[in-house]
Ligand SMILES: *Cc1c(COP(=O)(O)O)cnc(C)c1O
């Protein structure tokens, strides 16, 4: 690859949108939150916080203390000095961010595993209903896992994937598909590619009218979009903590079970952590009451400790303020796209209504893969590429500024105008 820089990395004070970015940053009530994150290379514009959030400075202290003092010094005593309760304690911290009550949210396993546990629990609670409704905007793991749960249920349960136009959720088709054969409706609240936001209240209500349960995947909404699990009566939810919650790579996920369902649903992997008296080591399983019933086995304490600081920051700032900035960033992005990127061939592959859009957008371009490589290597912008032709730009309101977006847009335009991307391979290899 080229060794000398071929692009001006900005800032671009003469370009349309610069003054607006500076003004919005100046008036941004969350501007100081950025200082709470490690950011070693100031040339990098990080627009992938919806895939792996940045490292909060407090996380380092927290993990260090967990290693040196709690593990190194206190050793096994730490299980009874806070470790055992940590999944619920962090769950309580996170609960208000998604409109849940304490005791309804538990840090547990991974998103995929939690999805399986709750889907299987839902299916076995209504064995006569065979249909599971989802859509083709869902994250692929969700489809694989729902099919696994259907297979495990073993009575002909099947997953029906409702087709979309690739951007907006097929609301009408989903509403029409939900019937009295439906056991479960499971969707991503914010879809991973286009960033479409489902009307969680309306679909929950529609599912309930038909006697079905809903299981929401909040991976792309938690920490970016307000979620009203309690007020809407949502039954079940899972979500990821390493995206907008900045919990760290592979940080434990969470699960939500509405309180009145907790003792009616059965965890399909009842392990000792879900036992009423785990240290009695009884050979027979006796489930604990409450949300801990959905535990399985020993939780990874280092990763869990690592997730706490990011979650605490989101909870302290409050989801309404985060959403307000996210909407402003999204609208600014759209304006910038129209002026700078549409003319050089980028399509807008996300909703245009800010109320139906999460905190990331997808831009389509026939040469998106080559552009993504040049963008990372030479323009120092880290986006996501999503097959076949999407460049996905996530804006994390806690650390992305309006100037970040302005700079990223101008650098993207420069990549395409100089055509430096044509030097990069058209074929994809490995992970991106
Ligand atoms: C990120 C994400 C996941 C991740 O699942 P893991 O089990 O952590 O690999 C699942 N579902 C959705 C919708 C996601 O966005």
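Only one entry of 114, 138 meets the criterion of being in contact (Cβ under 8 Å) with a residue 24 or more places away in the chain, under 18 Å from the mean Cα position of the chain (by Cα), within 14 Å of the ligand (Cβ to nearest atom) and assigned to a loop (DSSP other than H, G, I, E, B), and that entry is 138.
Checking residue 317 against (1) within 23 Å of residue 358 (Cβ to Cβ); (2) more than 16 Å from the ligand (Cβ to nearest atom); (3) touching a strand residue (DSSP E or B) at 6+ places or on another chain (Cβ under 8 Å), which single condition isn't satisfied? So the condition that residue 317 fails would be (3). Taking the numbered list (1) touching a strand residue (DSSP E or B) at 6+ places or on another chain (Cβ under 9 Å); (2) at pLDDT 95 or above; (3) farther than 30 Å from residue 291 by Cβ in turn, residue 62 passes all entries but (3).
Residue check: is residue 338 part of a helix (DSSP H, G or I), modelled with pLDDT of 95 or more and loosely packed, with under 14 Cβ neighbours inside 10 Å? It is true that residue 338 is part of a helix (DSSP H, G or I), modelled with pLDDT of 95 or more and loosely packed, with under 14 Cβ neighbours inside 10 Å. Could you say which residue among 396, 379, 408 is closer than 19 Å to residue 342 by Cβ and part of a loop (DSSP other than H, G, I, E, B)? Residue meeting the stated conditions: 379.
Quick one: which residue in 163, 195, 169 is more than 24 Å from residue 253 (Cα to Cα) and crowded, with 22+ Cβ neighbours inside 10 Å?
On the way: 163 fails: crowded, with 22+ Cβ neighbours inside 10 Å; 195 fails: more than 24 Å from residue 253 (Cα to Cα).
None of the others qualify; the one that does is 169.
Starting from residues that are crowded, with 19+ Cβ neighbours inside 10 Å and within 12 Å of the ligand (Cβ to nearest atom), keep the ones in segment 93-111 and report whichever is nearest to residue 254 (Cα to Cα). Filtering segment 93-111 for residues that are crowded, with 19+ Cβ neighbours inside 10 Å and within 12 Å of the ligand (Cβ to nearest atom), the one nearest to residue 254 (Cα to Cα) comes out as 108.
Could you check, for segment 78-88, whether at least one of its residues is closer than 17 Å to residue 311 by Cα, touching a residue at least 40 places away in the same chain (Cβ under 8 Å) and out of contact with any helix residue (DSSP H, G or I) (no Cβ under 6 Å at 6 or more places or on another chain)? Yes: one or more hits. Picking from residues in segment 122-133 that are touching a residue at least 12 places away in the same chain (Cβ under 8 Å) and surrounded by fewer than 24 Cβ atoms within 10 Å (Cβ to Cβ), the one that is farthest from the ligand (Cβ to nearest atom) is 127. Can you work out which of the residues in segment 376-391 that are touching a strand residue (DSSP E or B) at 6+ places or on another chain (Cβ under 7 Å) and more than 19 Å from residue 54 (Cα to Cα) is modelled with the lowest pLDDT? Result: 386. The residues listed here are 305, 328, 309; of these, the one that is in contact with a strand residue (DSSP E or B) (Cβ under 7 Å, 6 or more places away or on another chain), more than 27 Å from residue 258 (Cβ to Cβ) and outside any loop (DSSP other than H, G, I, E, B) is 309.
The values are calculated or read from the model by the stated rules, or taken from the named source; none is laboratory data. A quick note: this is a predicted structure, and the numbers were derived from the prediction, not measured. Here the Cβ is made from the backbone with ideal geometry for all residues, glycine too, and neighbour counts use every protein chain on show.
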